[in-house]
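All remarks here apply to the structure that follows.
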Amino acid sequence: LDKLLLRLPIFGTINMERNTQQFCQITSMLLKAGLRLPQIMELATQTTGNRVVRQALTDVTGKLVQGQGLSQPMAEAALFPSLLVEMIVMGEKTGRSRDLESATTKRELLFLHRPLPHRGFLPPNTR
C-alpha cells in the first residue's frame, strides 16, 4: 500500500514531500541537539510513516555507518528529492550542519507555497 501511495500521480508527490519535510525537521533538530548522524538517522527512520521511505532510510543508514556518507546513498536510492540530496552534498563538503537546516526551510517553503494540482478536485472552503 505504501509503495502505491508514492506512485499515485498527485497524492504520491504530496506523501513524499510530507515524509521529506518530516525527515528534514527531525534531522535538523537532532543535529542542533548535538547527536551524531548515525543515531539521528536511526531516530528519523523510526518516525517515518511510509514503509518504503523507512526501508530506504534504513538502507541509507547502513551505508552511512559503512562510511559512504549520507548524500551518495540517498542519491542511489532514487527516492529522495534532488534538492535535498544537493543540500546534503553541500553540508558534507563544507562540514556545516546548517545546510540541512537550510534544506528543511527550503523544502517547507516549496511545499507550502507551490500550487497543488489536487485543489481543483476539492470543494471550496465554505468557512
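The values are calculated or read from the model by the stated rules, or taken from the named source; none is laboratory data. Since the model is a prediction, treat every value here as computed from it, not as a measurement. Cβ: placed from backbone, ideal geometry, glycine included. Neighbour counts: every protein chain shown. Quick note on the areas: whole protein, heavy atoms, side chains included, nothing else; ligands and nucleic acids left out. Shrake-Rupley method; radii C 1.70, N 1.55, O 1.52, S 1.80 Å.
Listed conditions (1) part of a helix (DSSP H, G or I); (2) open to solvent by less than 50 Å² (accessible area, probe 1.4 Å) are all met by E42, apart from (2).
Here T61, T48, T20 are screened, and the one residue that is open to solvent by less than 20 Å² (accessible area, probe 1.4 Å) and touching a Ser or Thr at 6+ places or on another chain (Cβ under 8 Å) is T61. Of all residues in the range 81-95, those that are hydroxyl-bearing (S, T, Y) have Cβ atoms under 9 Å from Cβ atoms of residues that are surrounded by 17 or more Cβ atoms within 10 Å (Cβ to Cβ) and part of a helix (DSSP H, G or I), 6 or more apart or on another chain, in S82/A75. Determine whether the range 23-45 contains at least one residue that is more than 24 Å from R96 (Cα to Cα) and free of Cβ contacts under 8 Å to residues at least 12 places away in the same chain. Looking for residues that are more than 24 Å from R96 (Cα to Cα) and free of Cβ contacts under 8 Å to residues at least 12 places away in the same chain, one finds none in the range 23-45, hence no. Counting residues in the range 10-28 that are assigned to a loop (DSSP other than H, G, I, E, B) and not basic (K, R) gives one or more.
Pairing each residue of the range 49-60 that is under 15 Å from S71 (Cα atoms) and in contact (Cβ under 8 Å) with a residue 12 or more places away in the chain with any residue that is of a type in the set (G, A, S) and part of a helix (DSSP H, G or I), provided the two are 6+ apart or on different chains, yields C-beta distances under 8 Å for A56/A77; L57/A44; D59/A77; V60/A77. Every listed requirement among (1) more than 16 Å from the chain's Cα centre (by Cα); (2) modelled with pLDDT under 95 is met by K63 save one, (2). Checking each residue in the range 4-21 for being under 14 Å from A56 (Cβ atoms) and either among the β-branched types (V, I, T) or touching a Pro at 6+ places or on another chain (Cβ under 7 Å) (or both) picks out only T20. Looking across S102, S28, one residue alone is more than 18 Å from L6 (Cα to Cα), at pLDDT below 90 and open to solvent by less than 20 Å² (accessible area, probe 1.4 Å). It is S28. One residue stands out in the range 64-80 among those that are over 25 Å from L8 (Cα atoms) and either of a type in the set (D, E, K, R) or touching a residue at least 12 places away in the same chain (Cβ under 8 Å) (or both): the one that is most open to solvent (accessible area, probe 1.4 Å), namely V65.
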